Structures are given as structure tokens and as C-alpha cells.
Amino acid sequence: MTWQEAKKSAQQTENEIVALIPSDQIVTTTQGATGTLLSCDDTQYQWTGRTTVKLAPGADVEPLVTTIAEHYDENGDLTPEQYADINGDLTVQLIAHDGKENYLVGAGTKSAEELEVTSFSACFVLPDDVYPGGEF
């Protein structure tokens, strides 16, 4: 897998997660065009990115997070694990069966009316001539 394939797959999954939110609850969706690379181990990296959903006034993040967790609990593509984040907000981590690809879904950091989906792709080997710093 190349970094481009990992990015494409992670962004597709971000979109699938966002598609579980009722459209009448969404004002805007912004998917980051670029992300960064994190090290998986001595030879592999994963692409990380984010999609931010601005919710309609009065929309509540917690029931949306719960609905997303229930969807994946029933479908089994990703395993959901729910927890309270540092602010006490409900967050769900969706983990692939290999344990390396995962997604965090929870309240946004800039507004109470935001939901964020942060992605961490499957691991891949970066070609020797590509520096892992910067944006991808």
C-alpha cells in the first residue's frame, strides 16, 4: 500500500462515518485535503487526517456518537470502543481488526456544535526517497 492509497482509504472511511449522521443535523462538512504521517514502527507509517462536521443549531454530539458506535457494533467492519475524552465528552474509537487502522469520533475542539472524525490509516512502507515530515 502506498501513502496515497492509505490516505484515500482513510478519507473514504471518514466519509462513510459522516454519512451515518442524519443530513438535517449537518450544516457543513470539511474534510482536510492533507494530513500528516505518524510512525507505526521502525519501517512503517500511517496517514492521519480529519473531517469536521458543523452541526445544526441544537444538535447534540453525544447521541450521534452513540449511533455511530452502534452501527459499527452491529456491522463489525470496525470495532467500537466508547470512552470519555479529557473534557468528559463521549468519544468512540473505531478500530480495525489489525489494530492499527482506527478512527476517533467525538466532539469538536473549536465548538460545541462540531463533531470530528480523526483517521489513522493502515500502516505502509514509505519509499526511501520520501521524507516523512510535512503534509501529505
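The values are calculated or read from the model by the stated rules, or taken from the named source; none is laboratory data. On a predicted model such as this, the values are computed, not experimentally measured, just so you know. Neighbour counts are summed over all protein chains in view; Cβ atoms, including those assigned to glycine, are modelled from backbone coordinates with ideal geometry. Accessible surface areas use protein heavy atoms only, side chains included; no ligands, DNA or RNA. Shrake-Rupley method; radii C 1.70, N 1.55, O 1.52, S 1.80 Å.
Brief remarks follow.
- Filter pass, I21 being among the β-branched types (V, I, T), out of contact with any His (no Cβ under 8 Å at 6 or more places or on another chain) and either on the phi > 0 side of the Ramachandran plot or open to solvent by 20 Å² or more (accessible area, probe 1.4 Å) (or both): no
- Candidates in segment 57-78 are the residues that are farther than 13 Å from V105 by Cβ and of a type outside the set (D, E); of these, the one that is most open to solvent (accessible area, probe 1.4 Å) is P57.
- Yes/no for G35 being at pLDDT 95 or above, more than 14 Å from E116 (Cα to Cα) and buried (at least 16 other Cβ atoms within 10 Å of the Cβ): yes
- Of the criteria (1) over 16 Å from N102 (Cβ atoms); (2) open to solvent by 30 Å² or more (accessible area, probe 1.4 Å), which one Y45 fails: (1)
- The conditions of being more than 24 Å from Q4 (Cβ to Cβ), open to solvent by 60 Å² or more (accessible area, probe 1.4 Å) and in contact (Cβ under 8 Å) with a residue 24 or more places away in the chain are not met by E81.
- Checklist (1) free of Cβ contacts under 8 Å to residues at least 12 places away in the same chain; (2) out of contact with any Leu (no Cβ under 9 Å at 6 or more places or on another chain) applied to P22, failing item: (2)
- Filter pass, A10 being open to solvent by 20 Å² or more (accessible area, probe 1.4 Å), of a type in the set (A, V, I, L, M), within 30 Å of L126 (Cα to Cα) and at pLDDT 95 or above: no
- Counting only strands (runs of 3 or more DSSP E) wholly contained in segment 88-136, the ones carrying 2 or more residues that are touching a helix residue (DSSP H, G or I) at 6+ places or on another chain (Cβ under 8 Å), open to solvent by less than 20 Å² (accessible area, probe 1.4 Å) and touching a residue at least 60 places away in the same chain (Cβ under 8 Å) occupy 102-107, 114-120.
Yes or no, residue by residue, for (1) closer than 27 Å to G134 by Cβ; (2) part of a strand (DSSP E or B):
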| position | (1), (2) |
| --- | --- |
| I21 | no, no |
| V27 | no, yes |
| L37 | yes, yes |
| T51 | yes, yes |
| G58 | no, no |
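- Residue check for T51: among the β-branched types (V, I, T) and open to solvent by 30 Å² or more (accessible area, probe 1.4 Å): no
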